[in-house]
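S.K.: Here you go, one structure.
Just so you know, all these numbers are worked out from the coordinates, no wet-lab data involved. The structure presented is a predicted model; accordingly, all values stated were derived computationally and were not measured. With ideal geometry, Cβ positions are generated from the backbone for all residues, glycine too; neighbour counts draw on all protein chains shown.
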Amino acid sequence: METQILVDVWQRILVDPRKSWVLFEQGTCVVLTAPSGELAEQATEILKQFGQVHAGSPAGDFGVIDLVDAEGWVVTGHHNDVLTYVGPDELQDRSEIAVGLFGRSKRHQDGTELHVVHVADKRGPADSA
């Protein structure tokens with residue numbers, strides 16, 4: 001999916017416009033509740049730890065959220081601030097299990113490749129030091 005489309009979707013669906021977040025290539029977003037230093041590095045460390053899927057562990061769990069402010073779904077995992085977007089054109093089977101498994105596989109790919117495509121730094125001047 002095109003990066004600008006993903007950025008637009010995340011800007012619409014993140015409820016707190018003051019939260020900093022980092023977007024990875026496959027659509028996984030890491031929301032930084034305590035942003036500090038280099039945001040891409042901070043998000044990469046979180047995704048490195050919580051992005052990869054390990055079947056039979058909490059890392060294999062997922063939840064699916066139907067979006068109101070955009071088409072598609074957000075797939076959650078075992079870290080509350082690691083979220084993956086699945087667009088309506090990415091799947092023919094739109095069942096919760098199919099969406100969840102697809103989103104989980106996208107999160108795993110992002111957690112393995114760790115390729116940052118966008119950083120939304122919402123810190124004020126005093127916060128970014």
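S.K.: Consider only pairs whose beta carbons are under 9 Å apart and that are at least six residues apart or on different chains; among these, list those whose first residue lies in segment 40-52 and is under 10 Å from G111 (Cβ atoms) and in contact (Cβ under 8 Å) with a residue 12 or more places away in the chain and whose second residue is basic (K, R) and part of a helix (DSSP H, G or I).
M.R.: Matching pairs, first to second residue: L47/R107; F50/R107; G51/R107; Q52/R107.
S.K.: Evaluate the following for A55: is it more than 15 Å from the chain's Cα centre (by Cα), part of a helix (DSSP H, G or I) and farther than 15 Å from C29 by Cα?
M.R.: So A55 fails the test.
S.K.: Given the conditions (1) more than 26 Å from G124 (Cα to Cα); (2) surrounded by fewer than 21 Cβ atoms within 10 Å (Cβ to Cβ); (3) over 11 Å from the mean Cα position of the chain (by Cα), and given that T76 satisfies all but one, which numbered condition is not satisfied?
M.R.: Tallying (1) more than 26 Å from G124 (Cα to Cα); (2) surrounded by fewer than 21 Cβ atoms within 10 Å (Cβ to Cβ); (3) over 11 Å from the mean Cα position of the chain (by Cα), T76 fails exactly one: (3).
S.K.: Give L32, L91 a once-over and let me know the one that is within 14 Å of the chain's Cα centre (by Cα) and surrounded by 15 or more Cβ atoms within 10 Å (Cβ to Cβ).
M.R.: Sole residue among the options that is within 14 Å of the chain's Cα centre (by Cα) and surrounded by 15 or more Cβ atoms within 10 Å (Cβ to Cβ): L32.
S.K.: Ok, one more. Just name the residue that is surrounded by the fewest Cβ atoms within 10 Å (Cβ to Cβ) out of those in segment 105-127 that are over 14 Å from Q26 (Cα atoms) and touching a residue at least 12 places away in the same chain (Cβ under 8 Å).
M.R.: The residue in question is D127.
S.K.: Then there is this: Could you check segment 60-104 and list, in sequence order, the residues that are in a loop (DSSP other than H, G, I, E, B), closer than 21 Å to D8 by Cα, without any contact (Cβ under 8 Å) to a residue 40 or more places away in the chain and touching a Phe, Trp or Tyr at 6+ places or on another chain (Cβ under 9 Å)?
M.R.: P88, L91, listed by residue number.
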